[in-house]
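Read the structure below first, then the notes.
The values are calculated or read from the model by the stated rules, or taken from the named source; none is laboratory data. Since this is a predicted model, take the numbers as computed values, not measurements. Here the Cβ positions follow ideal geometry from the backbone for every residue, glycine too, while neighbour counts run over all protein chains shown. Ligands, DNA and RNA are stripped out before the accessible areas are found, and what is left, the full protein with its side chains, is counted by its heavy atoms. Shrake-Rupley method; radii C 1.70, N 1.55, O 1.52, S 1.80 Å.
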Amino acid sequence: MSTSAVSAVRDAFERMAKVDAGPTGLNCILWTDEGRALDDAAAVDAIPSSLALASMPFVAKDNIATTHLQTTCGSRILAGYVSPYEATVVTRLRDAGAVLVGKSNMDEFAMGSSNEHSAWGPVLNPVDRTRVPGGSSGGSAASVAAGIVRIALGSETGGSVRQPASYCGIVGVKPTYGRVSRFGLVAFASSLDQVGVFGATVQDAAVALEVIAGRDVRDATSADCPVDRYAAAATADLKGVVIGKPREYFPSSLDPRITKLCDDALDALRARGAEVRDVSLPHTDLAIPAYYIIAPAEASSNLARFDGVRYGLRVEAKGLREMYESTRTRGFGPEVTRRILLGTYVLSAGYYDAYYKKAQEVRTLIARDFREVFESGVHLLFTPTTPSPAFEFGAKSDPYDMYLNDIFTATANLAGVPAMSVPIGNIDGLPVGGQLLARHFDEQTMFRGAFALEADRAGKP
Amino acid sequence: MSDAKRTFADYEMVVGLEVHVQLLTRTKAFCSCSTAYGAAPNANTCPVCLALPGALPVLNEEAVRLAVIAAHALEATVNETSIFARKNYFYPDLPKGYQISQFDKPLAEHGKLVIGSNADGTPITVRVTRVHMEEDAGKSVHDRYPGVTAIDLNRSGVPLIEIVSEPDMRSSVEAGAYLRALKQVIEYTGVSDANMEEGSLRVDANVSARLRGETTLGTKTEVKNLNSFSGVERALEVEFARQVEVLIEGGEITQQTMLWDADRGEVRPARSKEGSHDYRYFPEPDLPPLQLARAWIDQSRVSLPELPNAKRTRFATVYMLPPTDIEVLTANLPTGAYFESVVKAGAEPKAAANWVIRDVLQEVKSGASIDTFPVEPSSLAKLIGMVADSTVSSSAAKTIFAIAVKSRDLPADIAKREGLLQERNEDALAGWVDQVLAENPDVAIRFRAGDKKLLGVLVGLVMKASKGRADPKAINQLLSARATAGE
């Protein structure tokens, strides 16, 4: 990379202006400080070394703690909040020479699949501005798709990186649970959350993941597992790789155009020597119900700290109870409110066993499905990422319809396995992503498959 | 036909106690902030214990080690796997909106504590249901700034253990005995100061009433805002009396939280608009299950410091002291340590016990600290030896001790300086004896004639003549010898 950091950062800001990244346009970038970014870039340029991400501008989702730029999680309740500390993932990227150029818009507190639920307005899909970019990491996905940056940080709880990657035609990676530190990622559902990466290419995503992955003593759930060289995962062929095609992800109701693109992708993998097998993950249909109990439950607890006492919005009132109620009513949007209520309900006395406990038990069945398939000799699974390309704004106004968007992605979060979306074609000009899933901590094989898919797409429309 | 109305004596008090103890770790349970007392408000805080967005807890190993020691001291079984859980509720001094505690699988279970003995010598035991780990909340300060409540989060995240007893106590006296025994055991382990007045030990009491002979438990109430052991005892009696009165009138006890008002000696219901709180416990997803190796658990039990019961037994067999002495000497670690140092420096155990119990502790009561007592154990041992070999009289020794407490001088130096050394020079003694016999001829004649009763009188007269410096034992011997010799 011979570009200087300063010129790369200048290009990023020029591009922001050109595509109109702000509220009058894509609305993908919320907070930015060009002067500061240029100072950071100059500091990178002053170091005569070959850092892994030297002079790479990047954008971080607004639920990732950064000093200087705000961290609002797309919510009024954190309007103006500047974190006194920086998330581990941000520190690691900056130590590798990358320069933070902005915080990206998102569904409020990462709850959403379209980025229509942000307090700061929706994000537009750069490919088609009448359509959603996906969510909840819509702003990060749009920033990469619009060419502002090549890498962006997002977060995953039920598909919030893979789904927008699919809708925006870029690469999106959810690492194994515990692969990347959550210290500084504002928690939504602690047992599901992971920081994810977007890349303009598989290579971009691979390098970024390599840099941020690895144990962090400040996150007790981060794993002490060696980080492989994902950027070097590409191989000449896929001989010996067994790819499973789980039938539950190819229901008869699936849009046949998506099925066709997936089959084409599998053919391409076969052509490189991979064996493709039909497999079954029988408890797949329980993923959405389990997810929509576990995630809101943990969220209802994680969001209790937003109470107007120490930071963020406080609506002054006569007494403590009124202050709590006014602050949280004014501060939280309807989707967040809905999920906090749902989560509180499923944890409450008399309902805990039937809902939360039961959902966690179901979760073990979903995890077991993956374990059994992987133990039978399968290295990768291939599925569609989403059941459709990007939909139009307002098309999914019923929350239930919106929740069903996570149908192919939530299983990976529940089981903790790594998964990524890679562009596999277009339908009516709208991008569609294919999803690869791998064994726990085997991002290496996952990237190997992704490089192959990407190479196959080179030159295709 | 109705039963005769029941009386107070028909009812039995049933008490269970929940005791929270602060562990003496250098840093907090889930972050590296200092636990040191006395810092400026909110000085000992960080993103974790402030519950800033994105912060995560990491478990303090030392807190686990101390908690396990406490569990062993209470003879509880330490679980190899235990789970942290979130206890969810809103309060300004609880920054996360939940407390990290333990619920379904606590650190330790099924322990016990001996709190005394019955008349026949059998021990009175209270069972300990569980010992679990949790974090402390911050402090709400209501009276420093007018019209507002100030929150100090220095205490937020300090590690605690909660010790829950079975409802085995049947009187306020037993409750008090349990608390005193528990405090002593905890002090002996060194895991906590266990001081209720300073807040490192807190008590919530559960009390119910039932007819004597019944085996089912009555509805209990929880009593909070207890500030001393005697306060606990009084509060239990007041609340029990209230419950019995309700039951005698045919009413039912409402399960609720009562607050103790020490100034008024009353309990009253806590002001709360809701019923019993639903804490929506669920396993803490940010902390993996705590796994302790069986070998490590066993090793930590083997290396426990000496506990009160073992110490009491040792004092009985090694020093052969009576139980009343032992109770006083083992009441706390510093007293026992001081006593043993005196013995180690050469003093005879019973004499050492007498001096410590009678004289040293008297000074301690007036404000001296036994940890930094002005008379070193070696000095006291020396003094005791000086009495034993008659270098000084026992009354002179008391004088010397009193002077040593103030001046910190050595007893031998004080004795010399104050002229308190007993005279044993034979010529000097003979001189005083002769003088007394000469000055009291009729006593002398009767004594020589065999009236042994006059020995004491003569000894007293010689003591007076020598201005107290004569060794009474030597005088006694001398006079007896003269009487025998017919002089």
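Some observations on this one:
- Close pairs from the stretch B:467-487: first on the phi > 0 side of the Ramachandran plot, partner surrounded by fewer than 19 Cβ atoms within 10 Å (Cβ to Cβ), Cβ under 9 Å, at least 6 apart: B:LYS467/B:GLY419; B:GLY468/B:SER395; B:GLY486/B:ARG448
- Of all residues making up the stretch B:1-23, the number that are part of a loop (DSSP other than H, G, I, E, B) and surrounded by fewer than 18 Cβ atoms within 10 Å (Cβ to Cβ): 7
- Helices (runs of 4 or more DSSP H) completely within the stretch A:316-415 that count 2 or more residues being closer than 30 Å to B:HIS277 by Cβ and of a type in the set (Asp, Glu): A:320-331
- Within the stretch A:171-202, if we keep just the residues that are open to solvent by 10 Å² or more (accessible area, probe 1.4 Å) and more than 22 Å from B:LEU56 (Cβ to Cβ), the residue that is nearest to the other protein chains (Cβ to nearest Cβ) turns out to be A:ALA200.
- In a residue-by-residue description of the stretch B:407-426, the property of being closer than 23 Å to B:LEU478 by Cα, surrounded by 20 or more Cβ atoms within 10 Å (Cβ to Cβ) and β-branched (Val, Ile, Thr) applies to no position.
- Complete set of residues in the stretch B:28-45 that are away from chain A (no Cβ under 14 Å) and of a type in the set (Ser, Thr, Tyr): B:SER34, B:THR35, B:TYR37
- Test for B:GLU75: is it surrounded by fewer than 21 Cβ atoms within 10 Å (Cβ to Cβ), under 22 Å from B:LEU24 (Cβ atoms) and either in contact with a Gly (Cβ under 7 Å, 6 or more places away or on another chain) or within 11 Å of chain A (Cβ to nearest Cβ) (or both): yes
- Unmet requirement for A:ALA349, which otherwise passes all of (1) at pLDDT below 95; (2) out of contact with any strand residue (DSSP E or B) (no Cβ under 9 Å at 6 or more places or on another chain); (3) away from every other protein chain (no Cβ under 11 Å): (3)
- The residue that is nearest to the other protein chains (Cβ to nearest Cβ), counting only those in the stretch B:273-316 that are assigned to a helix (DSSP H, G or I) and of a type in the set (S, T, N, Q), is B:SER300.
- Contact map, the stretch B:46-66: residues that are within 12 Å of chain A (Cβ to nearest Cβ) paired with residues that are modelled with pLDDT under 95 and open to solvent by 10 Å² or more (accessible area, probe 1.4 Å), Cβ distance under 7 Å, separation 6+ or inter-chain. No pairs are found.
- B:GLY176 satisfies every condition listed in (1) more than 24 Å from the chain's Cα centre (by Cα); (2) closer than 30 Å to B:MET13 by Cβ except (1).
- Set side by side, the residues B:GLY97, B:GLY121 differ, and just one is on the phi > 0 side of the Ramachandran plot and within 14 Å of another protein chain (Cβ to nearest Cβ), which is B:GLY97.
- Residue count, the stretch A:431-443 (criterion: more than 9 Å from A:HIS379 (Cα to Cα) and either open to solvent by 50 Å² or more (accessible area, probe 1.4 Å) or touching a strand residue (DSSP E or B) at 6+ places or on another chain (Cβ under 7 Å) (or both)): 8
- Hits in the stretch A:28-55 - residues which are open to solvent by 10 Å² or more (accessible area, probe 1.4 Å), under 26 Å from A:VAL186 (Cα atoms) and part of a loop (DSSP other than H, G, I, E, B): A:THR32, A:ASP33
- Within the stretch B:142-189, restricting attention to residues that are among the aliphatic types (A, V, I, L, M) and within 14 Å of chain A (Cβ to nearest Cβ), the residue that is least open to solvent (accessible area, probe 1.4 Å) is B:LEU153.
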